[in-house]
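The values are calculated or read from the model by the stated rules, or taken from the named source; none is laboratory data. Here the structure is a predicted model, which is why all the values come from computation and not from measurement. Reconstructed Cβ throughout: ideal geometry from the backbone, glycine too, with neighbour counts over all protein chains shown. For the accessible areas, the whole protein counts, side chains as well, though only heavy atoms, and no ligand, DNA or RNA atoms are used. Shrake-Rupley method; radii C 1.70, N 1.55, O 1.52, S 1.80 Å.
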Amino acid sequence: MAKEYNFREIEQKWHKLWTERQTYKVTEDENREKFYVLNMFPYPSGAGLHVGHPLGYIASDIYARYKRLQGFNVLNPMGYDAYGLPAEQYAIKTGQHPEKTTFANIDRYREQLDKIGFSFDWDREVRTCAPDYYHWTQWAFQKMFNSYFDEELQKAQPIEKLIDRFKAEGTWPTDEKAQSDLLMNYRIAFLGETMVNWCPKLGTVLANDEVVEGVSVRGGYPVEQKKMRQWCLRVSAYSQRLLDGLDTIDWSESIKETQRNWIGRSEGAEIEIPYTLSINGETEGSFTIFTTRADTMFGVTFFVLAPESELVNKVTTPEQRAAVDEYIKYVKSRTERERMIDHTVTGVFSGAYGINPITGDRCPIFIAEYVLAGYGTGAIMAVPAHDSRDYAFAKHFDLPIIPLVEGADISEESYDAKEGIVVNSPISEDKSVKYDGESLCLNGLTIKEAIAETKRFVKAHNLGRVKVNYRLRDAIFSRQRYWGEPFPVYYKNGIPTMIPEECLPIELPQVEKFLPTETGEPPLGNAQIWAWDEKNRKIVDKKLIDEKAGIYPIELYTMPGFAGSSAYYLRYMDPHNNEALVSEKAASYWQNVDLYVGGSEHATGHLIYSRFWNKFLFDLGVSKKEEPFKKLVNQGMIQGRSNFVYRIKETNTFVSFGLKDKYDVTPIHVDVNIVKNDILDLEAFKAWSPEYETADFVLEDGKYVCGWAIEKMSKSMYNVVNPDMIVENYGADTLRLYEMFLGPVEQSKPWDTNGIDGCFRFLKKLWALYWDKEGNLALTGEEPSADSLKTLHKLIKKVTSDIEAFSYNTSISAFMVAVNELSQQKCSSRTILQTLPVLIAPFAPHIAEELWEAFGSEGSVCDAKWPQYEEKYLVETSIKLGVQFNGKVRFDMLFPVDATPEQMIELATSAPEAAKHLEGMQIIKTIAIPKRIVNIVVKPKA
RNA sequence: GCCCAGAUGGUGGAAUUGGUAGACACGAGGGACUUAAAAUCCCUUGGCCAGUGAUGGCCGUACGGGUUCGAUUCCCGUUCCGGGCACCA
């Protein structure tokens, strides 16, 4: 009896041995070069893992194992993003503490992950909800509170430096409240009165990336704008560094582009516009507009303010007051969602006029919702000829339109392109105001030149300044939830004050109910023991709150999901350190993440926040690199492949796919786990649900064929494939291979269990290579044949370059070819059979260990040395090349391997087969591409 | 509307970045072994045409052009699908 490939036994055995031997434990080792591989840690949901989840983990595990075989000291940790809304909502529904469900889910995840055979160092596991972890989240928040962003140095500085500056300037107030308010404008973590995305249904505020098209990402509830006092992070201060950093990292172009869009840098000019309250009135004051099209100053025919702008009150004349008030009321009544969808032109005249500093013209000032308060200065100059929104507004209110670009047709729509030659600027010489004897003239310039010239002019004559604006907003950092990190903050006479660093972590208090309080306070309002005793430095019952006794209320907000996930990669470096987030030694050794694997859906959330957070810690000297993730690979989504059965309407009879068009049928999702190769298991179907127990079938060829569709993998579509089941039926090695064989890691693709047999067969063939009929190791001790050596070295070369390029599917194909070749060669050479397990180890570690051990090798195959290929085994003695005439392949012939192109042409043209092609022809050109083709271009002799 | 990425057999996908398109795998068809099934092994498998046959010819990488001896690959235009941003001045 040949020895059977018993994957269950093998995998169980090695899971046990890996744990016992601590095979995957990593320590800092100065003698070896480090390599840091990281997966985006999962949120442990109640549904457990489906086959899509491990895709990225397998991809990174292969790379981690490969790097280790190459001699690197590889850090490959795993942990859990454990705070989150689903656990809290489940708690509200059932009264179960979110910690309980979260921990249960984590255990389930761990169990599933362990089956797949990852090389994670579980000693370094982190959980964001663990006090010894969020200790450092709170600590970082306090550091941000105590820092400001120095515009000149472009980095975070201690807030004390700013206080010193105010003192030196004599602008430091004496009143404590005033001091606090002043510093709030500078702190990197600050309490701000800002417009926030308020979701009444969830009872909390949301960050910009948590809102899509006016509804919450989680749950899809409507979101409205509300002015609230919230903790914010001054992410916008880092805009330029976040943008510049993108050029230094190895991320996909599309995700960098997404971040560039999100940061939204735009270079322009701010220009001061004096205004009057009547067409011929005296100047009352001025406001500032922002434009990226400074070249269009000569085409301004009106100005527009955002309805929320503070200027609205100043410029509204008594005659227009009623109309303006009514308009503001209307704007306020509209939700964010309505404003986003409905772009009808609305607006109202303020009564005032702005004076164009370039032309001296007086143009009406309007108030309209199409101008946003939050961007630029909340005020614009309108150039209807060259901006589509201004154009629509001008048409609606019948305002003049002045074209400024040669040949631009603006009769139907504006000309927005930044290409062309400027005209009408000015229209006549007296239409350009002189400053110090100089007036602006842009006629004849290209638009780009005109922009530069206007900026120069504006700057030279002090009419405004060159300005860069960013769309990136500060992050709202507080949530009205229970299941999150509490803020280490108390309110001393209304002034937010940090709990001393030595008293951290401030642990999440127990509450009776997870809902907001009846008075509308966040859930932490339900906590009884939630007041800060300043003198005794401890948390006490809130009944004791008394300003005179020094007992103050603690912040009721908690931190958002991204708080805990922003610096977790640093914590993995030194997860048990109670003195610091990460020790100097560990941070210096591990530096930053070399390879980060995760979904692209985090492009504008986690991946921005994390970069920001790291830059801040870099400024502090805690993080050693400006960018946290050197290389990023975005794994694609695994979609589900749903199966359908077709029920004839109002019956319990089901028609096979090929015959369904003959009946009036309703397609019904059927569990993919009772369908194989689109053939329905009839008995399993009847047992699936009582409803189908008595079902009848109309079969084709004695089979019931199901229809299929590619959809999102979800319970309701009955298309969820569980990795446990695959591991049970085929083994973890087959699962790992198949997930990678499915296609490029970065690409989204549907899961189809059908193809898995190919990978399973491959492992069985590999296994069979090693054992003779009696079940002994098949070794003849013979020297390997030249063919086998060639197969092996070809494989080493291919697999090495494919892993480096993240092209796992092609390297698995190469394995399949190699194993077929070796088995045909009846290879039983020790040299070759001993090398194969090392090569396959990153992909299929269990079988690799088993085969490695079969040779009596010491220790784990994980500590083997990755083989090098030798060119000498790959050298051919002769090569077959195609000889072409005019680009068509006519015949193949053999050439000596070291023939020069000239010799190849010589040989090809003199070959007997060439004669018929060359007869009566004249050679006009010959091209020889080494190792490919000899091309001879001919034409008939004249 | 703007930006990014993509389109290859019945299916998932290869193609040394300008050099024999369809590797590898699934599915399908045929065969061997077997009482039978499973497992395993072998052959065929992009389309069309000619031939008893070995074989030969033509077409073919979303569509239409271009550059080139030669294009899945480079350039221009079109269509379709996916992703991001979106009254951001």
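Do we have residue A:606 as within 16 Å of RNA strand B (Cβ to nearest atom) and surrounded by fewer than 23 Cβ atoms within 10 Å (Cβ to Cβ) here? For residue A:606, the condition - within 16 Å of RNA strand B (Cβ to nearest atom) and surrounded by fewer than 23 Cβ atoms within 10 Å (Cβ to Cβ) - is met.
Reported count of residues in the stretch A:328-377, each being more than 22 Å from residue A:399 (Cα to Cα), among the hydroxyl-bearing types (Ser, Thr, Tyr) and in a loop (DSSP other than H, G, I, E, B), is 3.
Among the charged types (D, E, K, R) and assigned to a helix (DSSP H, G or I): does that describe residue A:773? No: the conditions fail for residue A:773.
Residue-wise test of (1) of a type outside the set (D, E, K, R); (2) within 13 Å of RNA strand B (Cβ to nearest atom).
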residue: A:250; (1), (2): no, no
residue: A:258; (1), (2): yes, yes
residue: A:267; (1), (2): no, yes
residue: A:274; (1), (2): yes, no
residue: A:288; (1), (2): yes, yes
residue: A:312; (1), (2): yes, no
residue: A:319; (1), (2): no, no
residue: A:323; (1), (2): yes, no
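On the given criteria, is residue A:880 at pLDDT below 80, under 20 Å from residue A:790 (Cβ atoms) and within 13 Å of RNA strand B (Cβ to nearest atom)? Yes, satisfied. Scanning the stretch A:480-517 for residues that are β-branched (Val, Ile, Thr) and part of a loop (DSSP other than H, G, I, E, B) yields A:499, A:506, A:511, A:517. Scan the stretch A:357-390 residue by residue and report those that are of a type in the set (Phe, Trp, Tyr) and open to solvent by less than 20 Å² (accessible area, probe 1.4 Å). Once the filter is applied, which keeps residues that are of a type in the set (Phe, Trp, Tyr) and open to solvent by less than 20 Å² (accessible area, probe 1.4 Å), the stretch A:357-390 yields only A:366. When each of A:707, A:731 is tested for being at positive phi and touching a helix residue (DSSP H, G or I) at 6+ places or on another chain (Cβ under 8 Å), the lone residue that passes is A:731. Filtering A:924, A:905, A:879, A:936 for residues that are among the aliphatic types (A, V, I, L, M) and touching a helix residue (DSSP H, G or I) at 6+ places or on another chain (Cβ under 9 Å) leaves a single hit, A:936. Is there a residue being within 20 Å of residue A:496 (Cβ to Cβ), in contact with a helix residue (DSSP H, G or I) (Cβ under 6 Å, 6 or more places away or on another chain) and outside any loop (DSSP other than H, G, I, E, B) anywhere in the stretch A:117-140? Yes. The residue pairs whose first member lies in the stretch A:881-894 and is more than 15 Å from residue A:937 (Cα to Cα) and open to solvent by 80 Å² or more (accessible area, probe 1.4 Å), whose second member is more than 6 Å from RNA strand B (Cβ to nearest atom) and among the charged types (D, E, K, R), and whose beta carbons are closer than 7 Å, counting only pairs six or more residues apart or on different chains, do not exist in this structure.
Any residue at all in the stretch A:371-384 that's in contact (Cβ under 8 Å) with a residue 60 or more places away in the chain, in contact with a helix residue (DSSP H, G or I) (Cβ under 8 Å, 6 or more places away or on another chain) and farther than 21 Å from residue A:348 by Cβ? No, the stretch A:371-384 contains no residue that is in contact (Cβ under 8 Å) with a residue 60 or more places away in the chain, in contact with a helix residue (DSSP H, G or I) (Cβ under 8 Å, 6 or more places away or on another chain) and farther than 21 Å from residue A:348 by Cβ.
Within the stretch A:458-479, which residues are in a helix (DSSP H, G or I) and open to solvent by 20 Å² or more (accessible area, probe 1.4 Å)? Answer for the stretch A:458-479, where residues must be in a helix (DSSP H, G or I) and open to solvent by 20 Å² or more (accessible area, probe 1.4 Å): A:459, A:460. For beta carbons closer than 6 Å, sequence separation of 6+ or different chains, a first residue in the stretch A:340-351 that is in contact (Cβ under 8 Å) with a residue 12 or more places away in the chain and a second that is assigned to a strand (DSSP E or B) and more than 7 Å from RNA strand B (Cβ to nearest atom), the qualifying pairs are A:347/A:366; A:348/A:367; A:349/A:364; A:349/A:366; A:350/A:365; A:350/A:367.
When we screen A:275, A:238 for residues that are in a helix (DSSP H, G or I) and surrounded by 13 or more Cβ atoms within 10 Å (Cβ to Cβ), the only hit is A:238. In the stretch A:415-428, the condition of being in a strand (DSSP E or B) and surrounded by 14 or more Cβ atoms within 10 Å (Cβ to Cβ) is met by at least one residue. For first residues located in the stretch A:771-785 and farther than 13 Å from residue A:822 by Cβ, partners that are small (Gly, Ala, Ser) and not in a loop (DSSP other than H, G, I, E, B) and lie 6+ apart or on another chain with Cβ distances below 8 Å form the pairs A:777/A:854.
Looking at the stretch A:800-813, can you tell me whether even one residue there is among the acidic types (Asp, Glu), open to solvent by 40 Å² or more (accessible area, probe 1.4 Å), assigned to a helix (DSSP H, G or I) and in contact (Cβ under 8 Å) with a residue 24 or more places away in the chain? Checking the stretch A:800-813: not a single residue is among the acidic types (Asp, Glu), open to solvent by 40 Å² or more (accessible area, probe 1.4 Å), assigned to a helix (DSSP H, G or I) and in contact (Cβ under 8 Å) with a residue 24 or more places away in the chain. Being within 16 Å of RNA strand B (Cβ to nearest atom) and either modelled with pLDDT of 90 or more or within 30 Å of residue A:119 (Cα to Cα) (or both) is a property that holds for residue A:847.
Considering the stretch A:518-539, the residues that are part of a loop (DSSP other than H, G, I, E, B), touching a residue at least 24 places away in the same chain (Cβ under 8 Å) and more than 10 Å from residue A:554 (Cβ to Cβ) include one that is least open to solvent (accessible area, probe 1.4 Å), namely A:522. Considering only residues that are crowded, with 22+ Cβ neighbours inside 10 Å, in a helix (DSSP H, G or I) and among the hydrophobic types (A, V, I, L, M, F, W, C), which ones fall in the stretch A:814-860? Within the stretch A:814-860, A:815, A:818, A:819, A:822, A:833, A:836, A:839, A:840, A:847, A:848, A:851, A:852 qualify. Would you call residue A:161 buried (at least 16 other Cβ atoms within 10 Å of the Cβ) and among the charged types (D, E, K, R)? No; evaluated as a whole, the condition is false for this residue. Of the residues making up the stretch A:549-585, those that are surrounded by 20 or more Cβ atoms within 10 Å (Cβ to Cβ) and not in a loop (DSSP other than H, G, I, E, B) number 13.
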